[in-house]
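The values are calculated or read from the model by the stated rules, or taken from the named source; none is laboratory data. In this text the structure is predicted, and so the values were computed from the model without any measurement. FYI the Cβ positions are ideal-geometry reconstructions off the backbone, even for glycines, and counts take in every protein chain you see. For accessibility, only protein heavy atoms count, side chains too; no ligands or nucleic acids. Shrake-Rupley method; radii C 1.70, N 1.55, O 1.52, S 1.80 Å.
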Amino acid sequence: MRSVPPWARVYVVCAALAAAFCAVPVPDTRAPWPAVALFAVLCAACELLAASRFAGDGGPEGASASREAGESGASLRWHTPVMLAAAFLLPPPAAALVPVPGALLARVGQRPRWLRRVWRAAQLALGTWAASKVHWSLGGRDAVVTSHFPYALVAAGAAVVAFCLMLTALDGGILALAERVPVRTAWRGLFLRSLAPVAVHGLAGLMMAVLWRSPYGPAAALLVLLPMYVSWWVFAQYHRERAAHRATIRALVQAVDIKDGYTRGHSERVGQASMMIARELGMDGERAEVLRFAGILHDVGKLGVPTRLLRKDGPLTPEERRVIELHPEYGHEMVRGIGFLGEARSAILHHHERLDGSGYPYGLKGAQIPEVARVVAVADAFDAMTSTRSYRRARPVPAALEELERCAGAQFDPRMVAAFVRALVRQGWHPAVTADETPPHAEPHAELHPPAPQAPAPRVPTDRAPHRKTVGGPGP
């Protein structure tokens with residue numbers, strides 16, 4: 001929700017109104033108000049403590065873009081057991097009020113902050129209300145108060161499922177509206193990914209509720225939060241490590257941009273286009289993020305190529321071409337120690353392979369080429385064609401798409417090309433100018449691929465090196 005579309009704002013307002021409607025019966029509800037206040041204070045304290053303790057560590061607030069939109073990661077913090085314990089003990093309207101103060105006071109890193117706070121408060125209030133409604137409908141409160149097991153587990157399990165379903169429904173809607181994720185894929189995988197952590201939090205919440213109603217009172221219930229705090233601390237350490245990796249990635253990309261100035265910004269745009277294709281193909285958020293990293297780092301191997309070759313004004317000799325064609329292998333070696341990149345490493349190594357086997361470095365064919373590499377190849381070629389270079393102006397987007405479709409099946413995977421076309425039709429493309437608008441008189445360099453014998457398949461430009469684009473059909 002960095003730049004929130006109008007329909008996403010309407011969606012947030014509707015969620016807030018629905019949450020307020022759920023809390024309307026509160027005046028008529030015989031709620032234990034001291035317990036409601038205590039739960040709300042406890043929930044807010046956990047929220048503020050987590051925000052102050054782990055601020056800037058790259059925790060859930062710094063997760064993937066899709067998570068930022070849906071706030072999924074933020075919804076499953078270590079104070080979730082407090083909300084579920086409230087759902088197990090309080091009437092639904094009163095339980096819905098528990099997460100609201102903490103959500104409205106939470107630290108928000110991105111604008112519009114007020115909209116994000118309202119969205120989060122509404123989301124958590126509706127989730128807690130749904131859990132409480134199901135739990136009370138099944139007689140779960142009586143089972144908790146009388147410690148009637150195993151039925152208490154059944155009612156609590158149903159409440160956890162209701163909590164997950166509500167968050168999933170809300171998250172999918174905001175992803176579709178704010179992040180423009182395809183409707184058919186916006187909800188895919190959200191429920192299953194959230195169910196396991198919420199189930200663990202649900203057990204902790206049930207323990208809190210049982211201890212709360214025990215002779216030892218709320219003080220004993222607070223002990224349940226200690227192991228949850230430890231688990232959250234471990235979780236934050238993991239995200240600190242990922243934040244350090246992201247900083248490393250940014251530094252590598254900046255180094256490539258400095259060395260290869262004519263393609264400045266190209267890496268980030270290839271990462272954006274790769275993520276668009278991944279989402280169109282229905283890949284989950286984690287894998288889409290890996291594709292983004294693959295696109296961003298696909299040309300990092302240029303750091304191992306002599307600068308004189310990258311900036312050479314004349315045609316490349318066969319020996320110089322072979323040196324530049326080593327950049328995928330250089331890049332793979334550079335990132336092989338970054339464990340969380342996963343599949344991105346194979347994309348960096350194979351993004352210049354072609355379906356017909358005439359690519360490099362290994363001449364892989366068809367399905368031998370990793371799927372992620374086939375995604376990055378399309379994104380790379382598209383941005384190379386639609387970006388202004390020193391020797392030619394950018395092609396219009398329709399012309400670039402026509403060239404991609406013409407080369408599908410020989411150079412590119414037709415499935416990836418079709419997915420990218422669908423994504424562009426829906427979202428559009430607005431690339432930044434990456435070179436001087438005035439085309440100089442220098443000739444473009446020779447192709448990096450050796451000419452194929454006898455009627456070569458059409459070739460589309462890919463950002464193999466500055467000033468050197470392989471072409472097929474119309475010139476670059």
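I'd like to check which helices (runs of 4 or more DSSP H) are fully inside region 127-243 and have at least 1 residues that are touching a Phe, Trp or Tyr at 6+ places or on another chain (Cβ under 8 Å).
In region 127-243, 140-145, 151-178, 190-212, 218-222 are the helices (runs of 4 or more DSSP H) which contain 1 or more residues that are touching a Phe, Trp or Tyr at 6+ places or on another chain (Cβ under 8 Å).
Just to be sure before I move on: is A199 touching a helix residue (DSSP H, G or I) at 6+ places or on another chain (Cβ under 7 Å), of a type outside the set (S, T, Y), without any contact (Cβ under 8 Å) to a residue 24 or more places away in the chain and surrounded by 15 or more Cβ atoms within 10 Å (Cβ to Cβ) in the structure I sent?
No.
If a residue has to be of a type in the set (G, A, S) and modelled with pLDDT under 75 to count, how many in region 1-58 make the cut? Explain how you work it out, then say what you get.
Step one: filter region 1-58 for residues of a type in the set (G, A, S), giving 3, 8, 15-16, 18-20, 23, 31, 35, 37, 40, 44-45, 50-52, 55-56, 58.
If we keep only those that are modelled with pLDDT under 75 as well, we get 3, 31, 50-52, 55-56, 58.
Residues flagged as of a type in the set (G, A, S) and modelled with pLDDT under 75 within region 1-58 amount to 8.
Out of the residues in region 159-183 that are at pLDDT 85 or above and open to solvent by 40 Å² or more (accessible area, probe 1.4 Å), state the one that is farthest from E280 (Cα to Cα).
In this case the residue turns out to be V161.
Can you pull out the residues in region 119-158 that are more than 33 Å from the chain's Cα centre (by Cα) and open to solvent by less than 10 Å² (accessible area, probe 1.4 Å)?
If the condition is that a residue be more than 33 Å from the chain's Cα centre (by Cα) and open to solvent by less than 10 Å² (accessible area, probe 1.4 Å), then G140, A143, V144, A152, A155 are the ones that fit.
Can you work out which of the residues in region 382-420 that are hydrophobic (A, V, I, L, M, F, W, C) and farther than 20 Å from P370 by Cβ is modelled with the lowest pLDDT? Talk me through it step by step, then tell me what you get.
Step one: list which residues in region 382-420 are hydrophobic (A, V, I, L, M, F, W, C), which gives 382, 384-385, 394, 397, 399-401, 404, 407-408, 410, 412, 416-420.
Still in the list and also farther than 20 Å from P370 by Cβ: 384-385, 394, 397, 399-401.
Working: A384: 87, M385: 89, A394: 77, V397: 89, A399: 91, A400: 91, L401: 92.
Applying the filter and picking the extreme gives A394.
It is to be established whether one or more residues within region 326-342 are under 28 Å from L401 (Cα atoms), out of contact with any strand residue (DSSP E or B) (no Cβ under 6 Å at 6 or more places or on another chain) and charged (D, E, K, R).
Within region 326-342, none of the residues are under 28 Å from L401 (Cα atoms), out of contact with any strand residue (DSSP E or B) (no Cβ under 6 Å at 6 or more places or on another chain) and charged (D, E, K, R).
Buried (at least 18 other Cβ atoms within 10 Å of the Cβ) and either more than 21 Å from A273 (Cα to Cα) or among the small types (G, A, S) (or both), is that true of A186?
Judged against the criteria, A186 is a match.
Could you tell me whether R193 is open to solvent by 60 Å² or more (accessible area, probe 1.4 Å), within 30 Å of P6 (Cα to Cα) and either among the small types (G, A, S) or at pLDDT below 85 (or both)?
So R193 fits the description; yes.
Specify which of the listed residues (R213, R113) is open to solvent by 60 Å² or more (accessible area, probe 1.4 Å) and in contact (Cβ under 8 Å) with a residue 24 or more places away in the chain.
Values: R113 fails: in contact (Cβ under 8 Å) with a residue 24 or more places away in the chain.
One residue alone meets the criteria, R213.
If you take the residues in region 349-392 that are among the aromatic types (F, W, Y) and in contact (Cβ under 8 Å) with a residue 24 or more places away in the chain, which one is surrounded by the most Cβ atoms within 10 Å (Cβ to Cβ)?
Top of the filtered list is F382.
A236: among the hydrophobic types (A, V, I, L, M, F, W, C) and over 22 Å from T388 (Cβ atoms), yes or no?
yes
Within region 313-345, restricting attention to residues that are assigned to a loop (DSSP other than H, G, I, E, B) and open to solvent by 50 Å² or more (accessible area, probe 1.4 Å), which residue is modelled with the lowest pLDDT?
Here the residue is D313.
Quick one: in region 257-278, which of the residues that are assigned to a helix (DSSP H, G or I), open to solvent by less than 10 Å² (accessible area, probe 1.4 Å) and under 18 Å from T386 (Cβ atoms) is modelled with the lowest pLDDT? Lay out the reasoning, then the answer.
To start, the set of residues in region 257-278 that are assigned to a helix (DSSP H, G or I) comprises 257-259, 261-263, 266-278.
Filter once more, so that each one left must be open to solvent by less than 10 Å² (accessible area, probe 1.4 Å): 263, 266-267, 270-271, 273-274, 277-278.
If we keep only those that are under 18 Å from T386 (Cβ atoms) as well, we get 263, 266-267, 270-271, 273-274, 277.
Details: T263: 65, H266: 86, S267: 87, V270: 93, G271: 91, A273: 94, S274: 94, I277: 94.
Filtering first and then ranking leaves T263.
State all residues of region 95-110 that are in contact with a Lys or Arg (Cβ under 8 Å, 6 or more places away or on another chain) and part of a loop (DSSP other than H, G, I, E, B); if no residue qualifies, say none.
A106, V108, Q110
So, in region 284-312, of the ones that are under 24 Å from G428 (Cβ atoms) and over 11 Å from the mean Cα position of the chain (by Cα), which residue ends up surrounded by the fewest Cβ atoms within 10 Å (Cβ to Cβ)?
Once the filter is applied, the top-ranked residue is I296.
Of the conditions (1) open to solvent by 30 Å² or more (accessible area, probe 1.4 Å); (2) at pLDDT below 90, L281 clears all except one; give me its number.
Going through (1) open to solvent by 30 Å² or more (accessible area, probe 1.4 Å); (2) at pLDDT below 90 one by one, L281 breaks only (2).
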